[in-house]
Amino acid sequence: MAKNVVCMKWGEKYDRDYVHKLYQMVRRHCTHDFRFICLTDDPEGMEAPIEAFAIPAVPEVLEKRVSPWRKLGLFSPELSFIEGTVLFLDLDVVIVGNIDGLFDIEGDFFIIENWTQKGKGIGNSSVFRFERGRYDFIYDEAWKEGGSLIKRFRTDQAFVSHMVKDMNFWPRHWCRSFKEELRPVFPLNFFSAPRLPEDAKIIVFHGFPDPPDAMGRGPLHPKKFFHPSPWIGEHWR
């Protein structure tokens, strides 16, 4: 079965350096042969072997400049040129361990259990895996429902979690949240720096901070402050 690592880049929040760093991290931490694909609105400057293609369209009401609803394009039949298994990675993740298991684990659709909605069956789409073509019905339903989706579901990942009946969650220690799990809680965050768990494979930076922010000192806010995490720079390259 062919293996594909896919990311998305749109707008100006993340530059192409994020894409190149992500590719290098996958290359270092995956022993499988894989195809690396970036779906983007700006393919300029992408270096081989990274393959750049346009992001499939989603209904206009969902397609805002910074809207993660664009991730629904991953299930578009327009991507029929991608065959086999797709491992999707957000640009702002940091890979810190071998990720072969994310391809090898048995089961169908795998996703992170959302840290802020545990027990509710909601995934976090920073890291997920599926078989290309098997879940095109998600894209079809998005076009059918259009604007009603944003009334029924707060996020794209809530909609996808609702649609996928065979959804599985990754083992919890594989994908760890920097701000929810690694950053010490107040007031310990003023005394202890975030530590890298030994058994983690991927550190997820959802919301604030991004990896370069976390390498420095956090804002002087009681719950958002953090000490520098220089270990990020050892991996995010």
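The values are calculated or read from the model by the stated rules, or taken from the named source; none is laboratory data. No experiment lies behind these values; they were computed from the predicted model shown. Virtual Cβ from ideal backbone geometry, glycine too; neighbours counted across all protein chains shown.
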TODO: Working only within segment 180-237, note down all residues that are over 23 Å from residue 22 (Cβ atoms) and among the hydroxyl-bearing types (Ser, Thr, Tyr).
DONE: 192
TODO: Identify the residue in segment 176-189 that is out of contact with any Lys or Arg (no Cβ under 7 Å at 6 or more places or on another chain) and surrounded by 13 or more Cβ atoms within 10 Å (Cβ to Cβ) and, among all such residues, is farthest from residue 79 (Cα to Cα).
DONE: 184
Open item on the list: I need a count of the residues in segment 217-234 that are in contact with a helix residue (DSSP H, G or I) (Cβ under 7 Å, 6 or more places away or on another chain) and outside any loop (DSSP other than H, G, I, E, B).
Closed with: 1
- [ ] Just give me the residues in segment 84-114 being part of a strand (DSSP E or B) and either out of contact with any strand residue (DSSP E or B) (no Cβ under 8 Å at 6 or more places or on another chain) or of a type in the set (Asp, Glu) (or both), in sequence order.
- [x] 113
Open item on the list: Whether any residue in segment 153-175 is surrounded by 15 or more Cβ atoms within 10 Å (Cβ to Cβ), assigned to a loop (DSSP other than H, G, I, E, B) and at pLDDT below 95 is what I want to check.
Closed with: yes
Task: Selection within segment 1-28 - assigned to a helix (DSSP H, G or I) and surrounded by fewer than 17 Cβ atoms within 10 Å (Cβ to Cβ) - done: 17, 20, 24, 27, 28
Open item on the list: Considering only segment 123-132, I want to know if a residue exists there that is over 18 Å from residue 201 (Cα atoms), basic (Lys, Arg), at pLDDT 95 or above and surrounded by 15 or more Cβ atoms within 10 Å (Cβ to Cβ).
Closed with: yes
- [ ] State whether the residues of segment 176-192 include one that is of a type outside the set (A, V, I, L, M) and more than 27 Å from residue 221 (Cβ to Cβ).
- [x] no
